[in-house]
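The values are calculated or read from the model by the stated rules, or taken from the named source; none is laboratory data. Fair warning: this is a prediction, and the values are worked out from it, not measured in the lab. Here Cβ is always computed from backbone atoms with ideal geometry, including for glycine, and neighbour counts include all displayed protein chains.
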Amino acid sequence: MKPIIVGIDGSRAAIAAALWGVDEAVGHGVPLRLVSVIKQTHPSPDDYARDLAHAETSLHEAQLAVEATRNLVKIETEIPRGPAGPALVEASRDAEMICVGSVGIGRYARSILGSTATELAEKAHCPVAVLRTRSDQPPPDFDWIVVRLIDAPDNDAVVNYAAWEAKLRRAPMLVLGGRPEELTEHADGAFEHRVRAWQRSHPEVRVYPITTEHEIASFLRANDERVQLAVISGDEADQLARLVGPSGHPLFRHPECSVLVVRG
């Protein structure tokens, strides 16, 4: 059974990723593997001891957080060596999903996301979840999962993953789509027909279609709906930096939005 892998680095964002991963592991019926990567080489034995101690402490704290959920899940831990990005990309070859937390903001997209999240979004061999830490505010009545329904070779896999997350997290789905001609008074309704056909095969999911040409990042920039997760394809990974942003920063209207990049 391929595990759900979570990158652990001692941050609050990594704990959020571990807690997200618990639900995935339980839902898929697979182990949860917590991975903390240490440097490949160290200038001294003391530096190695500090690096290893930090990894062990970080894994222990994440494991305690997972155990506190009281979910029945097998927890594995691992401390590989190497740069974090390449090490987790390699681990993704044998993973059901890999989860990482998002980090601060800098001048460039790679700084917004952190180099590890960016590298995984671009190169992983399985779906990648980039998770925001949740706020202390009470959850809203609606906490959407948003996806696009378009004519693309890999779109069925993306939409099916979004439906899986909607069922797992008991959340409604916003489904974006439509062609230019469907935005005029002569619309033929093809997008709505396609959504209704999809709904018939997934009656357990609450689906709300939105006819729009906008990609998800542009749509969210113009709308205030509370979104917990955007599900995108690997080809749409360039939206990641616009979807995942730090809480309270004026550039980001959806600071709670996590992203699932469906790869592999």
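Mind checking whether some residue in region 223-236 is modelled with pLDDT under 85, surrounded by 14 or more Cβ atoms within 10 Å (Cβ to Cβ) and part of a helix (DSSP H, G or I)? Looking through region 223-236, none of the residues is modelled with pLDDT under 85, surrounded by 14 or more Cβ atoms within 10 Å (Cβ to Cβ) and part of a helix (DSSP H, G or I).
How many of the residues making up region 7-42 are of a type in the set (S, T, N, Q) and in a strand (DSSP E or B)? Looking only at that region, the number is 0. Return yes or no: is Ala87 in a helix (DSSP H, G or I), in contact with a strand residue (DSSP E or B) (Cβ under 7 Å, 6 or more places away or on another chain) and closer than 22 Å to Ser115 by Cβ? In short, no. A single member of Val26, Val35, Val30 is in contact (Cβ under 8 Å) with a residue 40 or more places away in the chain and surrounded by 23 or more Cβ atoms within 10 Å (Cβ to Cβ), and it is Val35. Of the helices (runs of 4 or more DSSP H) contained entirely in region 91-208, those carrying at least 3 residues that are over 23 Å from Ser11 (Cβ atoms), within 14 Å of the chain's Cα centre (by Cα) and at pLDDT 85 or above fall at 155-169. Within region 46-71, residues that are in the same structural domain as Ala13 (by TED's automatic domain parsing) have Cβ atoms under 7 Å from residues that are of a type in the set (Asp, Glu) in these pairs: Ser58/Asp9, counting only partners at least 6 apart in sequence or on another chain.
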